[in-house]
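In what follows, a single structure is set out as structure tokens and then discussed.
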Ligand code: SF4
């Protein structure tokens with residue numbers, strides 16, 4: 001069982017906070033799709049092509065900028081190269097690209113999960129983020145999404161924006177909940193150097209929200225979503241029961257995945273061997289000019305101990321936590337006495353749950369998940 005991620009590196013304009021790889025010039029879109037099809041075909045003899053592909057995730061960038069012909073080329077190449085038996089096919093889209101016709105058309109390719117970059121319904125905040133859409137477009141896109149027949153969809157929200165009061169955030173959440181979404185991803189605004197926002201913060205033009213404000217926003221998000229039956233299952237992800245994202249959950253469980261397109265990451269871990277992780281050339285120009293042998297910009301081999309620590313980091317950020325037996329069987333990893341003592345102490349502090357052979361974080365623990373995992377693995 002494996003997944004495929006495809007990175008579409010084009011956006012209409014640069015959101016102020018974004019540090020993903022994308023271009024705002026569109027003229028290389030056709031050469032990119034041609035190259036992507038060639039990259040897909042190049043995996044025809046890779047062992048991953050013998051596995052069943054259960055999930056496909058088309059992200060970016062802005063995949064909804066692709067034409068239907070371009071999407072068809074990509075899905076046809078995937079179908080010809082891999083054993084596709086997808087149980088989830090997600091496509092990211094921005095509200096300003098979405099119409100009822102668009103949603104109907106993408107379903108003909110097997111897309112059964114839409115991921116909508118809403119972020120906020122507040123005009124000032126959307127402008128501060130330099131998003132390409134306005135609140136009306138977000139509402140219209142969600143109306144169309146509600147009427148389209150997707151088994152599931154998700155919408156992204158960003159909290160912790162400078163100047164965003166709890167009232168504004170509360171209104172954002174209420175507006176989204178009015179559509180009864182099955183899944184929501186909520187992220188705190190992060191300031192990355194090199195982005196427009198990062199430069200504004202460096203120049204002192206923008207002051208980021210305080211840690212306390214961000215923590216209060218996070219609590220508000222979690223509380224309001226929980227009241228609506230949308231429960232946190234990962235630090236930034238919330239879903240109704242059974243609507244958790246399969247593709248992303250499989251990343252956290254170390255299933256194999258192939259990342260295609262510029263800057264995409266892959267993980268291939270054959271049983272009982274070291275895991276291989278690589279990243280494609282980041283720049284589209286380099287990606288277009290490479291033969292597929294040399295498309296990897298970075299590559300690393302991870303031993304079992306490194307994989308085990310990563311599994312702890314990823315698994316403990318989820319409500320499922322990690323199984324002690326699984327850590328032993330798959331990774332040869334056993335908690336030391338001092339780690340066990342520390343886990344018991346954190347259980348007494350109501351940060352950790354130890355039940356049967358599973359270790360997970362409480363909702364208090366999830367608030368500080370990264371800090372706790374760091375303490376655990378350095379014990
Ligand atoms: S649309 Fe998404 S990928 Fe593109 S710049 Fe904005 S946040 Fe980044």
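Read-outs: derived from the displayed coordinates by stated rules, not from any lab. These figures come from a predicted structure and were not determined experimentally. Glycine also receives a Cβ, built like all others from the backbone with ideal geometry; neighbour counts cover every protein chain displayed.
Tabulated data for the structure shown
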read-out	value
Which listed residue is within 30 Å of residue 326 (Cα to Cα) and either crowded, with 20+ Cβ neighbours inside 10 Å or touching a helix residue (DSSP H, G or I) at 6+ places or on another chain (Cβ under 6 Å) (or both), from 246, 184	184
Elements of type strands (runs of 3 or more DSSP E) contained in region 254-331, each with 1 or more residues being farther than 20 Å from residue 4 by Cα	296-302
Odd one out for residue 134, checked against (1) within 13 Å of the ligand (Cβ to nearest atom); (2) farther than 21 Å from residue 150 by Cα	(1)
Residue count, region 301-342 (criterion: within 26 Å of residue 279 (Cβ to Cβ) and in contact with a helix residue (DSSP H, G or I) (Cβ under 7 Å, 6 or more places away or on another chain))	15
All positions within region 144-176 that are assigned to a helix (DSSP H, G or I) and either in contact with a helix residue (DSSP H, G or I) (Cβ under 7 Å, 6 or more places away or on another chain) or crowded, with 16+ Cβ neighbours inside 10 Å (or both)	144, 145, 147, 166, 168, 169, 170, 172, 173, 175, 176
